Amino acid sequence: MIRVPLAVVTQQQPKEGQDGSDGRVEASAGTARFLNPDEVPPDATDRLTRCEVQASPKPAPDSVFVTQGKTELRGQKLVYDETDGIARIDGPVTFRRANEKDPLTGSSERIEVNVDEETTTLVGNVVLNSEGGRVSRAGRVEYDDAANLARLIGTPERPAVSVKGGDTLRAGIILYDLDRNEVYAIKAEGGTITGEFVEGGSPNTTSATSSELRPLPTATPPALTSPR
């Protein structure tokens with residue numbers, strides 16, 4: 001569910017030979033009002049003004065609200081174009097996921113919501129913070145609240161990273177269990193899995209080139225068959 005103070009919905013001009021056309025939604029904070037007929041300039045070209053409506057968008061932080069299951073996300077401007085079915089929300093983006101034992105908060109530069117497939121992707125300097133002390137970072141995160149799973153996606157040059165206490169895990173892909181705030185690593189093509197784990201007070205550095213799922217020590221992976 002997406003809630004905004006102001007949404008301007010327009011129909012794009014149909015292409016030649018096309019019966020219908022795609023719609024476009026631009027939403028943010030702001031105001032709108034009906035105009036008196038004498039307030040409409042005779043040379044007005046804006047479609048809303050010609051229809052005696054004045055919309056004044058004013059993008060502001062925390063004015064676009066997205067609710068997906070247990071997660072609430074906030075941004076400042078949304079643009080949705082039916083051409084590709086993607087709703088793009090500009091940041092700064094902040095979010096919170098309810099959890100009685102260990103709630104999760106985070107931030108990213110923007111969000112992409114695939115309206116048809118009901119998928120959410122956090123894009124740009126994504127940070128996940130669990131109240132229990134885990135901090136995870138990635139350039140891109142595919143977020144699936146219904147499956148209680150986030151897929152942190154890095155690159156060989158800038159892998160996804162998850163840190164808790166003295167334990168650090170780096171990998172091309174990290175699967176994040178949103179309920180338990182535990183992580184599991186998958187090697188990306190051309191990358192490796194590396195980490196530093198503190199055992200008995202002494203750091204232990206390990207690395208892996210296998211593409212198998214590898215949990216942090218003492219963790220029990222969830223039943224994942226084809227993670228998205």
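Numbers at a glance
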item: Strands (runs of 3 or more DSSP E) completely within segment 30-149 that count 3 or more residues being of a type in the set (Lys, Arg); result: 86-97
item: Test: residue in segment 40-53 that is within 30 Å of Leu178 (Cα to Cα), exposed (fewer than 15 other Cβ atoms within 10 Å of the Cβ) and of a type in the set (Gly, Ala, Ser); result: no
item: Which numbered condition Lys187 misses (of (1) surrounded by 20 or more Cβ atoms within 10 Å (Cβ to Cβ); (2) at pLDDT 85 or above); result: (2)
item: Boolean, Asn129 is at pLDDT 60 or above, under 25 Å from the mean Cα position of the chain (by Cα) and on the phi > 0 side of the Ramachandran plot; result: no
item: Of all residues in segment 141-151 being within 14 Å of Val123 (Cα to Cα) and among the aliphatic types (A, V, I, L, M), the one that is surrounded by the most Cβ atoms within 10 Å (Cβ to Cβ); result: Ala150
item: Any chance Gly139 is under 14 Å from the mean Cα position of the chain (by Cα) and either free of Cβ contacts under 8 Å to residues at least 40 places away in the same chain or under 22 Å from Asp102 (Cα atoms) (or both); result: yes
item: Every residue from segment 152-165 that is closer than 19 Å to Arg180 by Cβ and surrounded by 20 or more Cβ atoms within 10 Å (Cβ to Cβ); result: Leu152, Ala160, Ser162
item: Which listed residue, of Ala150, Ala138, is at pLDDT 90 or above and under 14 Å from Thr71 (Cα atoms); result: Ala150
item: Flag for Arg110 being out of contact with any Asp or Glu (no Cβ under 8 Å at 6 or more places or on another chain), in contact (Cβ under 8 Å) with a residue 24 or more places away in the chain and among the basic types (Lys, Arg); result: no
item: Subset of segment 73-95 that is among the charged types (D, E, K, R) and surrounded by 15 or more Cβ atoms within 10 Å (Cβ to Cβ) - its residue that is nearest to Thr119 (Cα to Cα); result: Arg88
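The values are calculated or read from the model by the stated rules, or taken from the named source; none is laboratory data. These figures come from a predicted structure and were not determined experimentally. So basically every Cβ, Gly included, is an ideal-geometry build from the backbone, and we count neighbours across all protein chains shown.
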